[in-house]
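The values are calculated or read from the model by the stated rules, or taken from the named source; none is laboratory data. Owing to the predicted nature of the structure, the values given are computational and were not obtained by experimental measurement. Heads up, the Cβs are rebuilt from the backbone with ideal geometry, glycines too, and the neighbour counts pull from every protein chain shown.
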């Protein structure tokens, strides 16, 4: 038995707190290795990872094909900048475009960069194609959104932690209630160039909109000559039991915003995918990134696209997701107030009289399960898509235990 003064975790936590800005409030877990759906801390304790890097680890930690691809590319070429073309670039853009059913792809690095790219492209499209007067473009967004934390993006956030004290704010955005088609229609006018939405709001607590809402958004955008920008950074690439969350309702946006899982949990990779009529408005020098679409990123992300092209991960997410939601549903009324989600993605509202979401995550961690809280007594579960059925059962049993 290891006594407390022999543990490495407390000292490692203190060092991390000493030397970093406190922009996160992590659980006191110090991970040193991982494989598949499991991580191990510096003291040898194993945890089932039910956060999966906010969907960045959809394929688990150190997926063998992705690691092999990264190793091979590391031995050849890692960076050129976009001043030159490298031999991994075309395959990545082509295969991702095929997966999305679009004509073009613009690679970047982070999810926030993908959102910023979409905003810039939509505005330019509005001026050059739709004919919006210069400087007047507006974009409609939903309350409860989470699209990143740049100064432009937090300008249309309704989360006070993300927004407060970071002004002055970027104009040009209109916020409407999520899931309300009438409010959306009323917000669109001749200056509107785009509607930017998450098909499922992850940070808000895995909130799924009412059936028919997303097809209604698509119809409104088509009728009003407005671009539909779908932020599938967390919801896309297999998480919900389909390639994209929009697929569940047969909806295709004018632009997909992708990230997180696209990098396979190895490198940051993001992209926007759209047709030439949209992305074709960009000209050399108007937008870019030194690291965007670098050889290492493209090699790994191409392998990610090939894993998804088989459909195996989407089917696995759908089947295991049904198992997860059935089990979680059995806890409603026994400590849970509500369960939401789709595929291997669940938002769980704990009875606030029992504990906060943070307390729930601390108690789950003590029992070997890692999860993340958000907004009071809500926690999220998003295990890697490689998780085994009995591992899901283990996670639910630990949740049951802390609720009793």
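Considering 175, 233, 188, the condition of being surrounded by fewer than 19 Cβ atoms within 10 Å (Cβ to Cβ) and either farther than 19 Å from residue 345 by Cα or at pLDDT 95 or above (or both) is satisfied by 175 alone.
Matching residues to (1) touching a strand residue (DSSP E or B) at 6+ places or on another chain (Cβ under 8 Å); (2) more than 24 Å from residue 386 (Cβ to Cβ):
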{"site": "327", "(1), (2)": "no, no"}
{"site": "335", "(1), (2)": "yes, yes"}
{"site": "340", "(1), (2)": "yes, no"}
{"site": "346", "(1), (2)": "yes, no"}
{"site": "358", "(1), (2)": "yes, yes"}
{"site": "361", "(1), (2)": "yes, no"}
{"site": "367", "(1), (2)": "no, no"}
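Taken over segment 134-151, the criterion of being free of Cβ contacts under 8 Å to residues at least 40 places away in the same chain and touching a strand residue (DSSP E or B) at 6+ places or on another chain (Cβ under 7 Å) is satisfied by 143 alone.
Quick check on residue 106: is it in a strand (DSSP E or B), touching a residue at least 60 places away in the same chain (Cβ under 8 Å) and either surrounded by fewer than 20 Cβ atoms within 10 Å (Cβ to Cβ) or not assigned by TED's automatic domain parsing to the domain that holds residue 263 (or both)? Spell out the reasoning first.
Numbers: in a strand (DSSP E or B): yes; touching a residue at least 60 places away in the same chain (Cβ under 8 Å): yes; either surrounded by fewer than 20 Cβ atoms within 10 Å (Cβ to Cβ) or not assigned by TED's automatic domain parsing to the domain that holds residue 263 (or both): no.
Judged against the criteria, residue 106 is not a match.
Mind telling me which of the residues 250, 259, 264 ends up being out of contact with any strand residue (DSSP E or B) (no Cβ under 8 Å at 6 or more places or on another chain) and surrounded by 21 or more Cβ atoms within 10 Å (Cβ to Cβ)?
Numbers: 250 fails: surrounded by 21 or more Cβ atoms within 10 Å (Cβ to Cβ); 259 fails: out of contact with any strand residue (DSSP E or B) (no Cβ under 8 Å at 6 or more places or on another chain).
Only one candidate passes the filter, namely 264.
Among the conditions (1) closer than 30 Å to residue 286 by Cβ; (2) touching a residue at least 12 places away in the same chain (Cβ under 8 Å); (3) assigned to a loop (DSSP other than H, G, I, E, B), the only one that residue 91 does not satisfy is (3). Of the residues making up segment 110-140, those that are in a loop (DSSP other than H, G, I, E, B) and under 12 Å from residue 257 (Cα atoms) number 1.
In segment 371-393, is there at least one residue being under 24 Å from the mean Cα position of the chain (by Cα) and free of Cβ contacts under 8 Å to residues at least 24 places away in the same chain?
yes
Counting only residues that are in a loop (DSSP other than H, G, I, E, B) and touching a helix residue (DSSP H, G or I) at 6+ places or on another chain (Cβ under 9 Å), which one in segment 333-351 is surrounded by the fewest Cβ atoms within 10 Å (Cβ to Cβ)?
As a first pass, look at segment 333-351 and keep what is in a loop (DSSP other than H, G, I, E, B): 333-335, 342-345, 351.
Applying the additional criterion that residues be touching a helix residue (DSSP H, G or I) at 6+ places or on another chain (Cβ under 9 Å) yields 334-335, 342-345, 351.
Values: 334: 10, 335: 18, 342: 21, 343: 26, 344: 31, 345: 27, 351: 13.
It comes out as 334.
Among the residues of segment 361-404, those that are under 25 Å from residue 319 (Cβ atoms) and in a loop (DSSP other than H, G, I, E, B) comprise 368, 371, 382, 383, 384, 385, 386, 387, 388.
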